[in-house]
Amino acid sequence: MKVGVLASGEGSNLQALLDHVHGREIEVVAVGSDRPAARALERAQAAGIQTRAFAAADFPDRVARDAAIGDWLELREVELVVLAGYMAILNEAFLARFQRGVVNVHPSLLPAFPGVRAIEQALDYGVKVFGVTVHLVEPGAVDVGAIVFQRAIEIPDAREPDDVRARLRPLEHDLLPRAVAALAAGAIRRDPTHPRRVIVDR
Ligand code: GRF
């Protein structure tokens, strides 16, 4: 299955996909970013994958940019889009274009702390259990789509966002490739009696 990845920053989740499922369960055929300087683009280039930056300044508005990203991915026959730290919101028309959907990784136990600065939100709240969520991206508010995988970790004495981030990274790097492989294998479906519930066949 051909996969497109969108990323805005470091690209460690992209790297996890490249290291664990690319060339096997899936093929990452395109990596796009809203930030031309994103390290994720360098990682993709190093792996011989086509990249393109879609800077906001190059488009009249977000609708035009999302359409251009969608066209670029569709031209490469992408069926599934992975948001691996993509920091812009994609419109409904974009989400409807991809047969296998769009999947996102978020650094909190949703529905707690959606949106930006999730780890900072959790620290401000004073939580003792942190975690990550891989979810399907659905139209509407951010980070509300059906949950594919979640994993929690106790960090009772957490203080610094960077420390929490470092503890969550390995969880993300395990769950995101697993979710993508499961989607590629057709092993993920909705519970017909409760479509928000995602069943992952093992
Ligand atoms: C991750 O924490 C992910 O959960 C969030 O953005 C971050 C991306 O990190 N959506 P990286 O660029 O993959 O290293």
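Overview of results
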| quantity | calculated |
| --- | --- |
| Residue tally, condition within 11 Å of the ligand (Cβ to nearest atom) and in contact with a Phe, Trp or Tyr (Cβ under 7 Å, 6 or more places away or on another chain), over region 117-139 | 1 |
| Residues (in a loop (DSSP other than H, G, I, E, B), open to solvent by less than 20 Å² (accessible area, probe 1.4 Å) and away from the ligand (no atom under 16 Å from the Cβ)) located in region 62-116 | V78, F98 |
| Check on V29, away from the ligand (no atom under 11 Å from the Cβ), touching a residue at least 40 places away in the same chain (Cβ under 8 Å), in contact with an Asp or Glu (Cβ under 8 Å, 6 or more places away or on another chain) and open to solvent by less than 30 Å² (accessible area, probe 1.4 Å) | yes |
| Some residue of region 33-53 being in contact with a Phe, Trp or Tyr (Cβ under 8 Å, 6 or more places away or on another chain), open to solvent by 60 Å² or more (accessible area, probe 1.4 Å), at pLDDT 95 or above and assigned to a strand (DSSP E or B) | yes |
| Single match in R35, R24, R39, R43 (criterion: more than 15 Å from the ligand (Cβ to nearest atom) and not aliphatic (A, V, I, L, M)) | R24 |
| Any hit, region 180-201, residues being open to solvent by less than 30 Å² (accessible area, probe 1.4 Å), out of contact with any strand residue (DSSP E or B) (no Cβ under 8 Å at 6 or more places or on another chain) and under 28 Å from E25 (Cα atoms) | no |
| Residues of region 118-163 satisfying the condition of being aliphatic (A, V, I, L, M), part of a loop (DSSP other than H, G, I, E, B) and open to solvent by 30 Å² or more (accessible area, probe 1.4 Å) | V127, V137, A141, V142, V144 |
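The values are calculated or read from the model by the stated rules, or taken from the named source; none is laboratory data. Note that the coordinates shown come from a computational prediction; the quantities given were computed from them, not determined experimentally. Glycine also receives a Cβ, built like all others from the backbone with ideal geometry; neighbour counts cover every protein chain displayed. Just the protein is used for accessible areas: all its heavy atoms, side chains included, with ligands, DNA and RNA removed. Shrake-Rupley method; radii C 1.70, N 1.55, O 1.52, S 1.80 Å.
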